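The values are calculated or read from the model by the stated rules, or taken from the named source; none is laboratory data. Predicted model only: the values in this text are computed from it and were never measured. Positions of Cβ are generated from backbone atoms using ideal geometry, with glycine treated the same way; all protein chains shown enter the neighbour counts.
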Amino acid sequence: MFEKKETNILGVDIGTSSIKVLEVARVKNGHALVTYGFVEDFQRDLHNIGKEDSTLTAQAIRSVVAKARCTTKRASAALPTYAVFTSLITVPQLAGDELDSAVHWEAKKIIPLPLDEIVLDYKILNPKTEQSLLKMPFGKKEEGSHPHTDDSLKILITGAAKETVQKYTEIFQMSGLNLVSIETEMFALSRSIVGSQPGEIMIVEIGAAVTDIIIMQNGVPFFGRSLEHGGAGITHAITNSLHIADKRSEQLKRDIGIRAGTDAATNGSGGIPTIIKTALEPIVHEIRYTMDLYKSHTLTPSAQASGTIEKIILTGGTALMPGIAEFLSQTLDVRVFVGDPWSFITCPPDLRPVLETIGPKFSVSIGLALRE
């Protein structure tokens with residue numbers, strides 16, 4: 001008798017201040033939530049940690065998996081956007097070894113590290129293979145048909161330091177999980193937040209310490225940019241201005257946010273909404289800068305692209321802050337929405353109110369779990 005193939009998978013998101021784990025099962029009409037868990041106040045920089053910290057990270061993953069009562073050891077992980085180099089290049093119509101050589105030659109020109117220190121992936125962008133890009137595993141090149149309507153190929157290349165990939169691999173080995181795939185957060189977010197939506201869309205994930213900005217064209221992510229500023233910076237700004245504890249500042253940020261109509265004690269020149277708006281200025285500036293690059297075609301959008309971002313979808317824990325979508329929409333003069341990654345997964349109706357309060361925090365782990 002044939003053994004039934006296990007289809008459940010864990011999406012494991014190791015953030016700068018938290019670890020999120022989510023298990024999904026493949027069902028007839030898609031995917032269903034099995035369980036989830038997370039630990040916060042977990043401060044780790046996976047690019048500057050020693051073996052002791054790697055061990056602590058593995059122990060934390062193992063603890064979350066046990067508490068969530070996960071039923072599978074198969075896991076999918078993501079490298080943070082700031083640890084991955086991504087670029088769009090154009091090469092002649094080639095195939096096989098000739099195409100490999102051309103891509104590596106172009107990669108040498110733009111990647112700041114020697115290629116023998118890099119895990120390099122590339123993907124041909126054309127109408128027949130665009131959607132399969134969202135399933136591309138890191139470290140494995142997926143073959144696709146070449147476009148026949150042009151004499152050149154548009155190639156999306158991604159590269160990460162071998163040392164970083166190895167570090168993640170070791171952490172998952174120590175955690176007792178079977179790492180079946182590793183990709184970039186950019187692809188995971190694209191899958192859970194945008195899916196195959198057509199158009200020119202920007203994803204802005206505001207995490208605790210880092211904000212990621214991703215541009216999508218017709219369901220394909222082709223540009224990612226990171227800013228070392230996130231929700232923790234907003235919390236610290238409130239703490240420094242009002243001289244209160246970080247824990248109290250975090251609660252005020254979540255309760256009050258940038259909502260208009262708050263009382264005079266909090267909405268004045270030194271009030272919380274004003275403090276938050278000032279703290280958001282670096283993120284607003286970075287979004288504007290990226291939009292201007294895109295509009296000027298500096299980012300080489302495809303011939304079918306207008307160069308104008310149609311809408312921005314927010315995710316990450318700070319996306320839950322009251323009033324942030326409205327504030328960014330008015331400031332940037334573009335439609336801004338908070339993404340709902342749960343829309344791609346079947347969830348128990350009685351859990352829906354709870355899941356909505358944490359949804360943006362699980363965008364990466366949901367995208368990872370949906371990769372297969």
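Residues of the range 329-344 being touching a residue at least 40 places away in the same chain (Cβ under 8 Å) and crowded, with 21+ Cβ neighbours inside 10 Å, which ones? Matches in the range 329-344: G339, P341. For the range 345-355, a tally of residues being in contact with a helix residue (DSSP H, G or I) (Cβ under 8 Å, 6 or more places away or on another chain) and surrounded by 13 or more Cβ atoms within 10 Å (Cβ to Cβ) returns 3.
Under the condition of being in a helix (DSSP H, G or I), surrounded by 15 or more Cβ atoms within 10 Å (Cβ to Cβ) and modelled with pLDDT of 55 or more, the residues counted in the range 243-279 number 12.
Is it the case that I19 is assigned to a helix (DSSP H, G or I) and at pLDDT 85 or above? The answer is no for I19. The single condition among (1) assigned to a loop (DSSP other than H, G, I, E, B); (2) modelled with pLDDT under 90; (3) of a type outside the set (A, V, I, L, M, F, W, C) that K123 does not meet is (1).
Restricting T149, T158, T169, T164 to those that are among the β-branched types (V, I, T) and either in a loop (DSSP other than H, G, I, E, B) or at pLDDT below 85 (or both) reduces the list to T149. Return yes when M216 is without any contact (Cβ under 8 Å) to a residue 40 or more places away in the chain, over 10 Å from the mean Cα position of the chain (by Cα) and either surrounded by 24 or more Cβ atoms within 10 Å (Cβ to Cβ) or assigned to a strand (DSSP E or B) (or both) and no when it is not. Taking the combined requirement at face value, the residue satisfies it.
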